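Student: There's a structure below that I have some questions on.
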There are 2 protein chains.
Amino acid sequence: MDLDLRYIDGGVCAPKGFQAAGIRCGIRPGKTDKDLALIYSKTKASAACVYTQNKVFGAPITVTRRHVEDGIAQAVLCNSGNANTCNEDGIEVASSMCSYAARELGIDNHDIIVASTGVIGQPLPIEPIANGLPALVEALSETGSGDATEAIMTTDTFKKEVAVEFVIDGVPCRIGGIAKGSGMINPNMATMLCFVTTDAAISPALLQQSLSLVVKDTLNMVCVDGDTSTNDMLSVLANGQAKNKPIDQEGRPHDMFTQALFLVLQKLAAMIARDGEGATKLLTCTVKNAPTDEAARAIAKSVIASSLFKAAMFGRDANWGRVLCAVGYTPVAFSAGDISVSLASDSGRVDVCEHSHGLPFSEEKAAAVLAEEEIQIDVDLHDGHERATAFGCDLTYDYVKINGDYRT
Amino acid sequence: MDLDLRYIDGGVCAPKGFQAAGIRCGIRPGKTDKDLALIYSKTKASAACVYTQNKVFGAPITVTRRHVEDGIAQAVLCNSGNANTCNEDGIEVASSMCSYAARELGIDNHDIIVASTGVIGQPLPIEPIANGLPALVEALSETGSGDATEAIMTTDTFKKEVAVEFVIDGVPCRIGGIAKGSGMINPNMATMLCFVTTDAAISPALLQQSLSLVVKDTLNMVCVDGDTSTNDMLSVLANGQAKNKPIDQEGRPHDMFTQALFLVLQKLAAMIARDGEGATKLLTCTVKNAPTDEAARAIAKSVIASSLFKAAMFGRDANWGRVLCAVGYTPVAFSAGDISVSLASDSGRVDVCEHSHGLPFSEEKAAAVLAEEEIQIDVDLHDGHERATAFGCDLTYDYVKINGDYRT
C-alpha cells in the first residue's frame, strides 16, 4: 500500500488533543520510581481494547471491560508496582481508582480505562493513588508521554515510545503508542501493557477491527518467557482531532489507518522483545512457505520461545539443531522433510540447514553474525505459501537474576 | 494394590539374564568420557518402546521402530556425543551401528534397539563405534549397569539407576532402569533416554500396554525446559528369566507388573527432573480436584514449566502469583475461581492462596520451606475430582551457562 508515513516524536502526545503525565505516588514504600501514569484526551474518544487470555486475570481488566463496552473512553490510568490481581478487594480498588481520577478530571468514571502491573496477590492500597491524583492531573501536558512511559515500567530498561504521522485523504493524522515489557511476556493477546492514541476520526467498531487484526501479527508474536501475564492490556483511543473524514466503513482510508497502526505496534513489539528481561539480543524469526497461517505463526513462536535456542543465541552458538527441534515439536500440521534455516545480522548471513540436513558453514563467520544485537532467523518450510514473523530475545543469566528475586 | 516390592541395586543388570557395559570409543575427539553403552539379554526378549513426538526425529528412531515391529529385541546400543539427527547419512549410520553390534554379539541385527544423544546435525562417524564394539561386547558384565549409565550421560551430573524386586504369583521378578536427562526435556513421550530391563515373562502386547499406560504419569510429566527432544526414547526388554507364569492377558499379575514398572519410572522421572540442566531443586506439583484428567496433567505441567515460577524457586521466593498465572494460561477447560495453593518441603508447609486470593503468611517460614532441595507445590482447583503430578526443577544461572556454550 502506498502509505505516506513518517516517524515523529511525542509518543502518546503526538496526536492532537492528548496529554499525559507520570508521577511517583508511593505504591511500594522505599522505591523512588514513578508509579502512576495518566493519558488524557481533551474530548471523548472511540476506544478499542484487547486483553490477556489468561483465565486468572487482574481486577482492572474486569473494570475496563465494563467501561469500554460502549466503545467510548477519554483517559487511561495505570499504576505499576502492584498488579491488583488475586486480591479480594481488587475490583473495588480498580473502580475507586477510576472514580478518583474521574472526579479530578471532571469526566465520567465509565470513560476511564484502568490498568495495573506488578506483583500479583498483594492488596493494592488506594490511598497513595487517591492522594497522588491531583498532582498527576496537574502534571498533564503535551510533553508528558515520556513521564507516563516511565511510570508504567517495571523491569524494563528503556522507554518504549513510538509515533507516526501519515496522510489519509490529504489530511495528516497521527498515531502514538507507549508500552511496557518485559517479563511474563507471551502470545495470546497483549503480552504486556500498551497504550495507543490517535487523532484520526474512526468509529469504535472499525477501530476494534483494526486493532484485533493488527495485534495478531505484532504484539501477539512477541515471546520473552512463555508466561502469559494476568494483566496484559492494549488500548487505543481515537479522538478525531485530526478532522479527517470519519472512518466508519471498510475501504482505503481504513486500510491506511490499519497499516499505520500495524507499523506502530510492530515497532513496539520489537522494542518489547529487545528489552525482554535480561536480554542482550533481539531475535526475529520469520517462517516462510508454511501450509497455513496458523502453522507459520506457531512455528515462528516456537523457535523464538525455545529456552535452548535462546540460550544458544546468548552464547553466540549457531546451534541450528535447536531451531529444527523447536520447529519439529510445534503442535501444528506441516511437513518437516525439506526445511532450510539461515541466520543473519548486520554482519552477514550464514545458511546452516537445507533439506532438513546440516550445511557446512564457517564457524568464524557464524560467530561474527551472532555477535550482533539483532539476529534474524529465517526458516523456509517449502510446504506452502504462508509466512509469519515472531519477536523474541536471548535467555541470559540476568533473566534468572531478575526473576529469582523480583518480589523481594 | 498389595504389591510386595523392594528397591535393590544393580540397575538394568538386576533382572536375571542381563549384562551391560559402557566404554569410551571416541565419538567426540578431545573428550575423555564414556560414550558408548550396550545392554544385552542372553535370550530374546519381549520389547516395547515409546518415542519422541517431535516431527523432526533422529535416524536411530526410524531404525528402532523397524527393529521392534515384531515385539522382540535382545540388545540396546546407545551412543552419546552426537544425536545422529538431521544428517543425510543418518539412517545408514544407525543401521550400521546395529550390524556391527549384531556381528559382535552373534545375534540378528533386527533384534537391536539403537539410540543416540548429543548435538544435532553433525554427521556421526561410524568408525569409532565400529572399532569400539569388540571392546564393548568384551566388557559386558552383570555389574556393568553403572558404566552403561555413564556412557549415555551428556550434561547429567549424576547417574540415574533404579531397580526393584517384587513378587508375582509367588515368583520373584525384577525390573531395572537407567536414564539420562537433562536438557531438551519436555512432555510428549519420552523426554529423554530411558532403558528398562525386566526378567518378568510378559508378552510384547501386554508389555507395550503397561509401558504406554505408565509413561503418561511418569516420564511424560517431567519438564525441564519445554524443549521436546528429537531423540527421546524409552524401551523395555522383558526376557522371562524370572520364570513366572507368562503374563499374556489382563488381570492381577499384569496389574502388579504395571505397578512395579510405574514405581521404577516414577523414580527415574524425579531423578531426571532433579538433575535438570543447572537445577538446584526438584519441584513436584500436584494438581488436585481438576475437572478432567487432561486438565490436571496440563495444569501441573504448566506450573512446573513456567520460567518465571522456576526462577522464583531458585530465588527461594514464595511468589505464588506466578503459580496462579501459570494455572490460568493453561489452555484447558476449568474454573479459576476457587484455587488453593500451598508450598511444602521437609521444613514444613505454608498455605499461600485460598479462593484464588492471597493468604497472609510468614515470609520467614516460607523462606525456610523454600531453602530445601525438594519443593512440593499443591494446587487445589475445587472443580472436580481428578489429580496429576508433574516433576520439574528450578531455572538457574547454570542452565543458561550450560546451554550458552553446549556445542563448543
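Student: Report every pair of residues separated by at least 6 positions or lying on different chains whose Cβ atoms are under 7 Å apart, first residue within the range B:26-45 and aromatic (Phe, Trp, Tyr) and open to solvent by 10 Å² or more (accessible area, probe 1.4 Å), second at pLDDT 95 or above and not in a strand (DSSP E or B).
Tutor: These pairs meet every condition: B:Tyr40/B:Leu105; B:Tyr40/B:Leu140.
Student: While we're on this one: Mind listing whichever residues of the range B:347-372 are away from chain A (no Cβ under 14 Å) and closer than 28 Å to B:Asp293 by Cα?
Tutor: Within the range B:347-372, the first condition is being away from chain A (no Cβ under 14 Å), and the residues that meet it are B:347-349, B:362, B:365, B:368-369, B:372.
Once the filter is applied, which keeps residues that are away from chain A (no Cβ under 14 Å) and closer than 28 Å to B:Asp293 by Cα, the range B:347-372 yields only B:Arg349.
Student: The conditions are (1) surrounded by 24 or more Cβ atoms within 10 Å (Cβ to Cβ); (2) within 30 Å of B:Leu3 (Cα to Cα), and B:Val341 fails exactly one of them. Which is it?
Tutor: (2)
Student: Turning to a different aspect of this structure: Based on what the data block shows, is B:Met271 modelled with pLDDT of 95 or more, open to solvent by 10 Å² or more (accessible area, probe 1.4 Å) and hydrophobic (A, V, I, L, M, F, W, C)? Working first, answer last.
Tutor: Numbers: modelled with pLDDT of 95 or more: no; open to solvent by 10 Å² or more (accessible area, probe 1.4 Å): yes; hydrophobic (A, V, I, L, M, F, W, C): yes.
So B:Met271 fails the test.
Student: So B:Ala94 fits all but one of (1) over 20 Å from the mean Cα position of the chain (by Cα); (2) open to solvent by 10 Å² or more (accessible area, probe 1.4 Å); (3) hydrophobic (A, V, I, L, M, F, W, C); what number is the exception?
Tutor: So B:Ala94 meets the others, but not (2).
Student: Taking the conditions exactly as written (outside any strand (DSSP E or B) and surrounded by fewer than 24 Cβ atoms within 10 Å (Cβ to Cβ)), does A:Pro123 satisfy them or not?
Tutor: Values: outside any strand (DSSP E or B): yes; surrounded by fewer than 24 Cβ atoms within 10 Å (Cβ to Cβ): yes.
Criteria met by A:Pro123.
Student: Tell me which of these A:Leu237 doesn't satisfy, since it passes every other one: (1) crowded, with 22+ Cβ neighbours inside 10 Å; (2) part of a helix (DSSP H, G or I); (3) away from every other protein chain (no Cβ under 14 Å).
Tutor: A:Leu237 satisfies every listed condition except (2).
Student: Among the residues that make up the range A:349-357, is at least one of them in contact with a Gly (Cβ under 8 Å, 6 or more places away or on another chain) and either closer than 27 Å to B:Ala311 by Cβ or open to solvent by less than 10 Å² (accessible area, probe 1.4 Å) (or both)?
Tutor: Within the range A:349-357, one or more residues are in contact with a Gly (Cβ under 8 Å, 6 or more places away or on another chain) and either closer than 27 Å to B:Ala311 by Cβ or open to solvent by less than 10 Å² (accessible area, probe 1.4 Å) (or both).
Student: Something else: Could we say that B:Arg252 is farther than 16 Å from B:Thr389 by Cβ and of a type in the set (Lys, Arg) here? Write out each step before concluding.
Tutor: Details: farther than 16 Å from B:Thr389 by Cβ: yes; of a type in the set (Lys, Arg): yes.
So B:Arg252 fits the description; yes.
Student: What number of residues within the range B:323-338 satisfy the criterion of being surrounded by fewer than 23 Cβ atoms within 10 Å (Cβ to Cβ), among the aliphatic types (A, V, I, L, M) and more than 9 Å from chain A (Cβ to nearest Cβ)?
Tutor: Residues flagged as surrounded by fewer than 23 Cβ atoms within 10 Å (Cβ to Cβ), among the aliphatic types (A, V, I, L, M) and more than 9 Å from chain A (Cβ to nearest Cβ) within the range B:323-338 amount to 2.
Student: Any residue in the range B:71-82 that is on the phi < 0 side of the Ramachandran plot, aliphatic (A, V, I, L, M) and within 14 Å of another protein chain (Cβ to nearest Cβ)?
Tutor: Going residue by residue through the range B:71-82, those that are on the phi < 0 side of the Ramachandran plot are B:72-80, B:82.
Applying the additional criterion that residues be aliphatic (A, V, I, L, M) yields B:72-73, B:75-77.
With the extra rule that they be within 14 Å of another protein chain (Cβ to nearest Cβ), the set shrinks to none.
No, the conditions are met nowhere in the range B:71-82.
Student: Exactly one of (1) touching a residue at least 60 places away in the same chain (Cβ under 8 Å); (2) in contact with a Phe, Trp or Tyr (Cβ under 7 Å, 6 or more places away or on another chain) is unmet by A:Ala279. Its number?
Tutor: (2)
Student: Exactly one of these conditions fails for B:Ser342: (1) within 20 Å of B:Asn289 (Cα to Cα); (2) within 12 Å of another protein chain (Cβ to nearest Cβ). Give me its number.
Tutor: Every condition holds for B:Ser342 apart from (2).
Student: Something else about it: Quick one: which residue in A:Ile129, A:Ile61 is of a type outside the set (Ser, Thr, Tyr), farther than 28 Å from A:Gly240 by Cα and open to solvent by less than 10 Å² (accessible area, probe 1.4 Å)?
Tutor: Numbers: A:Ile61 fails: farther than 28 Å from A:Gly240 by Cα.
Among A:Ile129, A:Ile61, only A:Ile129 is of a type outside the set (Ser, Thr, Tyr), farther than 28 Å from A:Gly240 by Cα and open to solvent by less than 10 Å² (accessible area, probe 1.4 Å).
Student: Taking the range B:28-72, which residues are at pLDDT below 90 and over 19 Å from the mean Cα position of the chain (by Cα)?
Tutor: B:Arg28, B:Pro29, B:Gly30, B:Lys31, B:Thr32, B:Lys55, B:Val56
Student: Look at A:Ala75 and say whether it is aliphatic (A, V, I, L, M) and more than 26 Å from the chain's Cα centre (by Cα). Walk me through how you get there before you give the answer.
Tutor: Values: aliphatic (A, V, I, L, M): yes; more than 26 Å from the chain's Cα centre (by Cα): no.
No, not satisfied.
Student: Would you mention how many residues in the range B:167-180 are over 21 Å from the mean Cα position of the chain (by Cα) and on the phi < 0 side of the Ramachandran plot? If you could, list the steps in order and put the result at the bottom.
Tutor: Within the range B:167-180, the first condition is being over 21 Å from the mean Cα position of the chain (by Cα), and the residues that meet it are B:167-173.
Still in the list and also on the phi < 0 side of the Ramachandran plot: B:167-168, B:171-173.
Adding up the residues that qualify gives 5.
Student: Please verify whether the range B:139-158 includes one or more residues that are of a type in the set (Asp, Glu) and open to solvent by less than 30 Å² (accessible area, probe 1.4 Å).
Tutor: Let us first name the residues in the range B:139-158 that are of a type in the set (Asp, Glu), namely B:142, B:147, B:150, B:156.
Restricting the remaining residues to those that are open to solvent by less than 30 Å² (accessible area, probe 1.4 Å) gives B:156.
Within the range B:139-158, one or more residues are of a type in the set (Asp, Glu) and open to solvent by less than 30 Å² (accessible area, probe 1.4 Å).
Student: Right, something else. Please work out which residue is farthest from A:Glu364 (Cα to Cα), limiting yourself to the range A:295-309 and to residues that are within 14 Å of chain B (Cβ to nearest Cβ) and open to solvent by 10 Å² or more (accessible area, probe 1.4 Å). Write out each step before concluding.
Tutor: First pass over the range A:295-309, keeping only residues within 14 Å of chain B (Cβ to nearest Cβ): A:295, A:298-299, A:301-309.
Imposing the further condition that a residue be open to solvent by 10 Å² or more (accessible area, probe 1.4 Å) reduces the set to A:298, A:301-302, A:305, A:307.
Values: A:Ala298: 31, A:Lys301: 28, A:Ser302: 27, A:Ala305: 26, A:Ser307: 24 Å.
So, considering only residues that are within 14 Å of chain B (Cβ to nearest Cβ) and open to solvent by 10 Å² or more (accessible area, probe 1.4 Å), the one farthest from A:Glu364 (Cα to Cα) is A:Ala298.
Student: May I ask you to say which residue of B:Arg274, B:Arg297, B:Arg322, B:Arg316 is touching a Leu at 6+ places or on another chain (Cβ under 7 Å), closer than 30 Å to B:Ile175 by Cα and among the basic types (Lys, Arg)? So that I can check it myself, show each step before the final result.
Tutor: Details: B:Arg297 fails: touching a Leu at 6+ places or on another chain (Cβ under 7 Å); B:Arg322 fails: closer than 30 Å to B:Ile175 by Cα; B:Arg316 fails: closer than 30 Å to B:Ile175 by Cα.
On inspection, the qualifying residue turns out to be B:Arg274.
Student: Applying the selection to the range A:335-369, what residues are more than 27 Å from A:Ala273 (Cα to Cα) and either of a type outside the set (Asp, Glu) or touching a Cys at 6+ places or on another chain (Cβ under 6 Å) (or both)?
Tutor: A:Ser335, A:Ala336, A:Gly337, A:His355, A:Ser356, A:His357, A:Gly358, A:Leu359, A:Pro360, A:Phe361, A:Ser362
Student: For the range A:188-197, give me each residue that is at pLDDT below 65 and open to solvent by less than 10 Å² (accessible area, probe 1.4 Å).
Tutor: Listed by number, the residues that qualify are A:Met189, A:Ala190, A:Thr191.
Student: Identify the single condition in (1) outside any strand (DSSP E or B); (2) open to solvent by 10 Å² or more (accessible area, probe 1.4 Å) that A:Thr389 does not satisfy, given that it satisfies every other one.
Tutor: (1)
Student: For the range B:374-384, does any single residue satisfy the condition of being more than 15 Å from B:Val287 (Cα to Cα), open to solvent by less than 60 Å² (accessible area, probe 1.4 Å), part of a loop (DSSP other than H, G, I, E, B) and away from every other protein chain (no Cβ under 11 Å)? I'd like the intermediate steps shown before the answer.
Tutor: Taking the range B:374-384 as the starting set, the residues that turn out to be more than 15 Å from B:Val287 (Cα to Cα) are B:374.
Keeping just the survivors that are open to solvent by less than 60 Å² (accessible area, probe 1.4 Å) gives none.
Checking the range B:374-384: not a single residue is more than 15 Å from B:Val287 (Cα to Cα), open to solvent by less than 60 Å² (accessible area, probe 1.4 Å), part of a loop (DSSP other than H, G, I, E, B) and away from every other protein chain (no Cβ under 11 Å).
The values are calculated or read from the model by the stated rules, or taken from the named source; none is laboratory data. Note that the structure is predicted; figures quoted are calculated from it, not measured. Methodologically, a virtual Cβ is constructed for each residue, glycine included, from the backbone with ideal geometry; neighbour enumeration extends over all protein chains shown. Heads up: the accessible areas ignore ligands, DNA and RNA and are worked out on the full protein's heavy atoms, side chains in. Shrake-Rupley method; radii C 1.70, N 1.55, O 1.52, S 1.80 Å.
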